[in-house]
Each structure stands twice: as C-alpha cells, then as structure tokens.
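Let me begin by presenting the structure, written as structure tokens, before commenting on it.
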Amino acid sequence: MGKLKGKVAVVTGAGSGIGRASAKLLAKEGAKVVLAEFNEATMYEVMDEINSDGGIAVAIKTDVSKEADCEAMVKKALDEYGKLDILANVAGITDKMTSIENYSNELLEQVMAVNVMGPFFASRAAVRVFKEQETGGTIVNIASVAGTFGARGGTGYTMAKHAVIGLTKNIAAFYGRNNGKIRANAIAPGSILTNITPKDTSSLDEIGMAAFTDLGPFNRGVPEDIAAAVLFLASDDSKFVNGEVLTVDSAWTVR
Ligand SMILES: NC(=O)c1ccc[n+]([C@@H]2O[C@H](COP(=O)([O-])OP(=O)(O)OC[C@H]3O[C@@H](n4cnc5c(N)ncnc54)[C@H](O)[C@@H]3O)[C@@H](O)[C@H]2O)c1
C-alpha cells in the first residue's frame, strides 16, 4: 500500500479491462487518478468505485484519437492536482485478426488512430509537462505481444503495437539521459480476458485465425495481472528501467 502516495496519474481506457484494473490499483496505491475514457457510463462507474473505496479519482470523457482530447486530459490532471507524474496509455481497439487482403483503409485508419495516434498525442502532451517538472514523469504504454510477434493480431493491430513499442523506445532514448527523470516503458500482454476479446469467433478473418490457431494452446490472464505490471513500471521500484518492453504472457511467446 502507498507506493504511489502523492503521485498523479492519467489512465486512458480506464472504463474496462486492463485500464479499469490499472486505474483502481494505482488509486489503491495512493495515486490521484484522472480517468480518461470514451465510454462515459463505465468511466463514471469506475470513478465512483475508486472514490467510495477511499481513493481519489476524477474523470474526463476522452477519445484518444483526438489530439484536443489528449491535451484536455493532461490539462485536467494539472487543473485538478497541479501536476502529472504517470501516464498510462491503455485505451485500444482490436481488428479481429483481419488479414491484409481483407483490410480496408477505413479499418487501418481507425486502428492506427486509436492505437498509435492516441499514445502519441497523449505522450507528447505528457512529456511537455514532465520536462517542466523537477520530478519528471513516467509513461507506461500497453502494447501487446502483437507488437513483438507476427500472429497475435491482424495486420493493422500488429503494425500499431509495433509502433507503440517504437514510440516507447524513442522517448526513453531521447529523454532518459537525465538519470531517468523521464521514463517510458511498454508492457506486452499476452491473452487477457477483457471486453476486447471477441465473444463470437465465427465472423473472424479465416487467414488470421488459422495463423493464430497454429500457435497452439496458451494461458489466459486477468486484467489484474497486467495492472500489477503497470504499477511496477509506474512506481519508483522500476526507476532504473527505461525503454523496456515487459512481456506478461505466462510463457506464451517464450516457446
Ligand atoms: N485483452 C488482451 O488480451 C490484450 C492483449 C494485449 C494487449 N491488449 C491491449 O490492452 C489495452 C486495453 O485493452 P483491454 O483488453 O482492457 O480491452 P477493453 O475493451 O476491455 O478496454 C479498452 C477500453 O478502451 C476504451 N477505448 C476504446 N477506444 C477508445 C478511445 N478512442 N478513446 C478512449 N478510450 C477508448 C474502451 O471504451 C474500453 O473501456 C489495449 O491497448 C489492447 O490493445 C489487450
């Protein structure tokens, strides 16, 4: 308890799955949290849960694919709490394993807008704040094993998650020299039971699913498994970790 006492965090995609579990854990550990989420109903539900559980959270409706929304969520942290220490870029969408031959321009634009431009807009706004703060700040990006391997998502999702890892490494390399005052790390989750997982696989892309199925059986995690990694990378426990990709997949990709 209290690993993040006095810290201020923005968590995107905080209404569901990994974002929800992460926001709740960061708040439990003492962070004041700004919940940035597209779905207002789930966003306020999480806000109420945190506040009635003794934590501190505010919420702001955010579409991370919009630059102005990302700027506004960072401003919300500054307006409410006077600073920003932690940005967790969690919001993301899937592409149902769509293979390149079936990939529309619209789907690619949508996946890149949320999964790449979102973390880019948010990270840029955060780094500009971190630079002005004596204490700097840290970014935790939720990538995926689709960001390090080829058959864990469709074409656009795989491209997007590789890009998120590039974003992470570039920020760490450019801003990490000052003894880690500014840090950026990524998490590559394996398969986690959340709302992103398609309930009905019958309409999924055949080629994509065949490649995925070839990978064989794997373990499924819960959002809290990833939230624990977010806490580690957000806290000073990882103060010498910068520019890393932490795979949390219960040995799925090690085989
Ligand atoms: N679940 C998995 O197996 C898995 C594996 C690897 C990586 N991930 C990544 O984890 C992250 C979280 O996914 P999840 O599994 O918790 O899914 P989820 O669908 O349960 O949660 C995603 C949340 O992001 C929100 N969101 C979607 N688009 C948004 C937007 N434009 N602006 C703001 N919020 C938006 C949704 O409303 C939802 O609350 C994603 O980046 C996903 O790619 C998930």
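How much length, in nm to one decimal, is gained on full extension between Glu206 and Ile56, taken as 0.36 nm per residue of separation minus their Cα-Cα distance?
On the way: separation 150, 0.36 × 150 = 54.00 nm, distance 4.52 nm.
Roughly 49.5 nm would be gained on extension.
Could you calculate the contour length gain from Asp214 to Asn178, that is, 0.36 nm times the residue separation minus the distance between their Cα atoms, to one decimal place in nm?
8.5 nm
Quick one: accessible area per residue over the chain, 1.4 Å probe, rounded to a whole number of Å²?
Accessible area per residue: 47 Å².
Give me the percent of the accessible area of the stretch 8-248 that comes from carbon and sulfur atoms, probe 1.4 Å, all protein chains in place. Display every interim value, and only then the final one.
Details: 5860 of 10900 Å².
Ligands and nucleic acids excluded, carbon and sulfur give 54 percent.
Helix 17-28 versus the longest principal axis of the chain: what angle, 0 to 90°, nearest 10, using Cα atoms?
Here the helix axis deviates by roughly 20 degrees.
I'd like the distance separating the alpha-carbon centroids of the stretch 16-53 and the stretch 105-132, in whole Å.
What the calculation gives is 21 Å, centre to centre.
Using +1 at the C-beta of Lys and Arg and -1 at the C-beta of Asp and Glu, which of Ala41, Gly137, Pro119 has the Cα lying farthest in the positive direction of the dipole of the chain?
The residue sitting farthest along the positive end of the dipole is Gly137.
At Glu49 and Asn195, where each label point lies 7 Å from the Cα along Cα→Cβ, what is the point-to-point distance in nanometres?
Here the answer is 1.1 nm between the modelled labels.
Using a 1.4 Å probe and ignoring any ligands, DNA or RNA, find the accessible area of Tyr81 and quote it in Å² to the nearest 10.
Counting only protein heavy atoms, the figure is 50 Å².
Charges on Cβ only, +1 for Lys and Arg, -1 for Asp and Glu, centred on the Cα centroid of the stretch 8-248; of Asn105, Val64, Gly15, which one is farthest towards the dipole's positive end?
Going by the Cα projections, it comes out as Val64.
Just for the Cα atoms in the chain, what are the lengths along the principal axes, largest first, rounded to whole Å?
50, 40, 33
With every protein chain present, what accessible area does Asp200 have (1.4 Å probe, heavy atoms only), rounded to the nearest 10 Å²?
90
Would you kindly derive the ³J(HN,Hα) couplings of the stretch 209-223 from the backbone phi angles with the Karplus curve 6.51 cos²θ - 1.76 cosθ + 1.60 (θ = phi - 60°), listing them in order in whole Hz, with x for Gly and Pro?
5, 5, 5, 5, 5, 4, 5, x, x, 8, 7, 10, x, 10, x
Size of the stretch 125-182 along its principal axes in angstrom, Cα-based, largest extent first?
42, 19, 13
Run the dipole for the chain about the Cα centre, Lys and Arg Cβ at +1, Asp and Glu Cβ at -1, nothing else charged, and hand back the magnitude in debye, nearest 20.
920
Would you calculate a helix-derived [θ] at 222 nm for the chain, using -39,500 (n - 2.57) for each DSSP H run of n ≥ 4 and dividing by the full residue count, to the nearest 500?
Rounded to the nearest 500, the figure is -13000 deg cm²/dmol.
Sticking with the crude label model, points 7 Å out along Cα→Cβ, report the distance from Asn39 to Asp79 in nm, one decimal please.
Distance between label points: 2.5 nm.
Can you tell me the alpha carbon radius of gyration of the stretch 1-91 divided by the globular rule-of-thumb value 2.2 N^0.38 Å?
Rg over 2.2 N^0.38 Å, computed on Cα atoms: 0.93.
Using a 1.4 Å probe and ignoring any ligands, DNA or RNA, find the accessible area of Lys239 and quote it in Å² to the nearest 10.
140
Could you give the angle, 0 to 90 degrees to the nearest 10, between helix 155-175's Cα long axis and the longest principal axis of the Cα atoms of the chain?
Approximately 30 degrees, to the nearest ten.
The values are calculated or read from the model by the stated rules, or taken from the named source; none is laboratory data. These numbers come from a predicted model, not from an experiment. Reconstructed Cβ throughout: ideal geometry from the backbone, glycine too, with neighbour counts over all protein chains shown. Remember, those area values only see protein heavy atoms, side chains included, never the ligands or the DNA or RNA. Shrake-Rupley method; radii C 1.70, N 1.55, O 1.52, S 1.80 Å.
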